[in-house]
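Let me begin by presenting the structure, written as structure tokens, before commenting on it.
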Amino acid sequence: TGSNAALLARRANAVPRGVASAMPFFAERALNAELWDVEGRRFIDFAGGIAVLNTGHCHPKVMDAALEQAQRFTHTSFQVVPYEAYVTLAERLNALAPGVSTKKTLLVTTGAEAVENAVKIARAATGRSAVIAFDGGYHGRTMFTLGLTGKVAPYKTGFGPFPGEIYRAPLPSNRSGLDTDACLAALETLFLTDVAPSQVAAIILEPVLGEGGYIPVPAEMWEGLREICDRHGILLIADEIQSGFGRTGTWFAIEHARVEPDLITVAKSMAGGFPVAGVIGRAEVMDAVAPGGLGGTYGGNPMACAAALAAIDALDAEALLPRSTALGELFRARFAEIGARTAPWRMWDIRGLGAMIAVELVTDFETAAPDAELTKALVDEAQQRGLILLACGMHGNAIRVMVPLTASDEIIEEGLAIFEAALAAAVA
Ligand code: PMP
């Protein structure tokens with residue numbers, strides 16, 4: 001290894017600029033909610049590798065499980081020789097998923113792959129082609145998931161045309177200015193203007209918009225969507241890739257809405273830092289695809305499955321779901337205090353579910369005009385003071401909380417103190 005400067009120069013020469021890094025330093029090691037760079041500087045991690053580390057960096061149980069598996073075998077391909085960890089994880093997810101219907105689970109490797117497969121399964125099960133997604137939704141960077149993603153820059157710029165039969169509708173939020181009734185009416189209009197409901201295989205959305213700004217979708221919206229789907233034979237897909245596994249205080253964020261989706265996509269914090277993703281769904285829907293129609297060389301990697309089982313155990317054993325709820329309350333309170341004290345009228349719409357909390361930075365509270373520049377400055381000032389922050393939102397002006405749920409109160413308060421100092425410097 002070398003200095004950050006030397007590594008950044010090598011990176012610039014060897015790696016395309018299209019894959020951007022939010023932080024200007026290189027990781028050396030990490031533990032729970034702390035990370036050290038190659039120059040020995042310590043950081044508190046509020047980004048958790050983009051919501052992957054609800055159980056923290058290198059949770060001892062997760063590491064033990066993965067290493068134990070690695071010593072026996074690391075890969076067979078489940079499609080060649082199956083192994084127990086895949087089946088056990090599927091059983092675990094089937095039991096955890098909300099609702100009364102019998103479930104089955106497909107395992108893949110990345111979130112985008114999970115969404116791709118959810119769409120394939122929905123098409124096979126319905127014999128229909130169209131998919132409806134929403135403004136500000138994020139579902140991945142592969143061609144179909146990019147088509148579903150409802151934000152142009154930087155994700156879609158230069159990559160079109162996208163696959164056909166993707167339709168888009170609005171969601172309720174303080175920014176869209178629309179309520180649930182208006183958004184359900186917009187769907188009915190879409191059925192008149194663009195696509196007959198009889199052609200629609202699935203409606204896909206996140207229970208809390210992730211990249212779109214940590215905006216919770218109201219329970220009434222989910223109820224309305226469930227009713228529309230039932231009326232027209234459309235499958236309802238909850239993309240829980242960012243909101244799942246305790247982030248919102250429940251196993252799945254959809255539990256807050258008390259609606260049972262037909263399919264759920266999962267990834268990220270399911271395995272505490274190991275790459276595995278999945279589609280959980282009603283058994284008869286999942287079995288619509290003929291043998292051989294689903295899979296991939298690496299899907300359900302054995303080490304990642306073992307890690308996932310340990311991460312799920314840790315979420316349970318360490319009571320991290322109630323911890324998430326408590327952390328959410330703490331962050332809401334602290335953001336309100338810090339805003340009033342340090343950046344009056346610049347922090348707008350503190351929102352979220354459980355510990356999936358975000359706040360927008362604005363130039364003017366009355367008009368809520370987004371301040372992406374201040375947000376960038378805050379992220380940079382925070383980084384200089386030893387805190388990793390990540391922005392999100394349609395206008396890049398929301399700061400989101402993805403801190404490990406295993407972080408101690410001391411670390412959280414230390415991070416919040418850095419947040420306040422960085423904000424003070426950024427607004428100055
Ligand atoms: N869906 C959602 C809701 C996500 O947050 C993400 C990742 N940010 C994805 C899909 C894509 O996951 P991946 O990056 O693992 O492909």
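Computed from the coordinates by the stated procedures, all read-outs in this text should not be read as laboratory data. Everything quoted here is computed from the prediction, not taken from an experiment. Note: ideal-geometry Cβ built from the backbone for every residue, glycine included; neighbour counts use all protein chains shown.
List of remarks:
- DSSP finds beta bridges in the chain, and of those with both partners inside it, around 70 percent are antiparallel.
- For the pair residue 36 and residue 329, the difference between a 0.36 nm per residue extended length and the Cα-Cα distance amounts to 102.7 nm.
- Each of residue 182 and residue 364 was given a label point 7 Å from its Cα along the Cα-to-Cβ line. The distance between the two points is 2.0 nm.
- Taking Cα centre as origin and charging only the Cβ of basic (Lys, Arg, +1) and acidic (Asp, Glu, -1) residues, the dipole magnitude of region 130-214 rounds to 360 debye.
- Inverse of mean 1/r across different Cα pairs in region 233-355, Kirkwood, Å: 16.7
- Computed over the chain with a Gaussian network model linking Cα atoms closer than 10 Å, the most mobile of 215, 166, 280 is 166.
- Here the simple spin-label model places points 7 Å from the Cα toward Cβ, and for residue 199 and residue 413 these points are separated by 5.9 nm.
- Calculated [222 nm] ellipticity per residue, helices only, for the chain: -12000 deg cm²/dmol; basis is -39500 (n - 2.57) per DSSP H run with n ≥ 4, divided by all residues, nearest 500.
- The simple Förster model, with R0 at 30 Å and r as the Cβ-Cβ distance, assigns residue 142 and residue 28 a FRET efficiency of 0.45.
- Ranked list, fewest to most other Cβ atoms within 10 Å of each Cβ, for 138, 298: 298, 138
- When the Cα positions of 140, 163, 228 are compared along the charge dipole of the chain, 163 comes out farthest toward the positive end, with charges on each C-beta of Lys, Arg, Asp and Glu.
- Extension gain for residue 17-residue 290 works out to 94.2 nm (0.36 nm per residue, less the C-alpha to C-alpha distance).
- Where the Cα pairs of region 61-317 fall when distances are cut into 10 Å bins, in %: 7, 32, 36, 19, 5, 0
- The string of couplings for region 343-350 from the Karplus curve (6.51, -1.76, 1.60, θ = phi - 60°) is 9, x, 6, 10, 9, 10, 6, 5 Hz, one whole number per residue in order, with x for Gly and Pro.
- √(5λ) per eigenvalue of the Cα gyration tensor, region 156-217, largest first, Å: 21, 19, 11
- The fewest-to-most ranking of 392, 229 by surrounding Cβ atoms within 10 Å reads 229, 392.
- Computed about the Cα centre, the dipole magnitude for the chain is approximately 1000 debye when only Lys and Arg (+1) and Asp and Glu (-1) carry charge, each at its Cβ.
- GNM flexibility winner over the chain from 185, 368, 14 (Cα, springs under 10 Å): 14
- Relative exposure of 180, 102, judged by other C-beta atoms within 10 Å (fewest first): 102, 180
- Entries in 61/151; 61/120; 120/376; 268/376; 104/376 that, when Cα-Cα distance is taken, lie over 31 Å: 61/151; 61/120; 120/376; 104/376
- The length gained on full extension between residue 373 and residue 317, counted as 0.36 nm times the residue separation minus their Cα-Cα distance, comes to 16.0 nm.
- Projecting the Cα atoms of 121, 46, 209 onto the charge dipole of the chain (Cβ charges, centred on the Cα centre) puts 121 farthest toward the positive pole.
- Largest mean-square fluctuation among 82, 370, 261, in a Gaussian network model of the chain whose springs join Cα atoms under 10 Å apart, belongs to 82.
- Average Cα contact separation per residue, the chain, under 8 Å, 6 or more apart, as relative contact order %: 22
- Only one residue of 74, 36, 187 has its Cα farthest out toward the positive end of the dipole of the chain, where Lys and Arg carry +1 and Asp and Glu -1 on Cβ, and that residue is 74.
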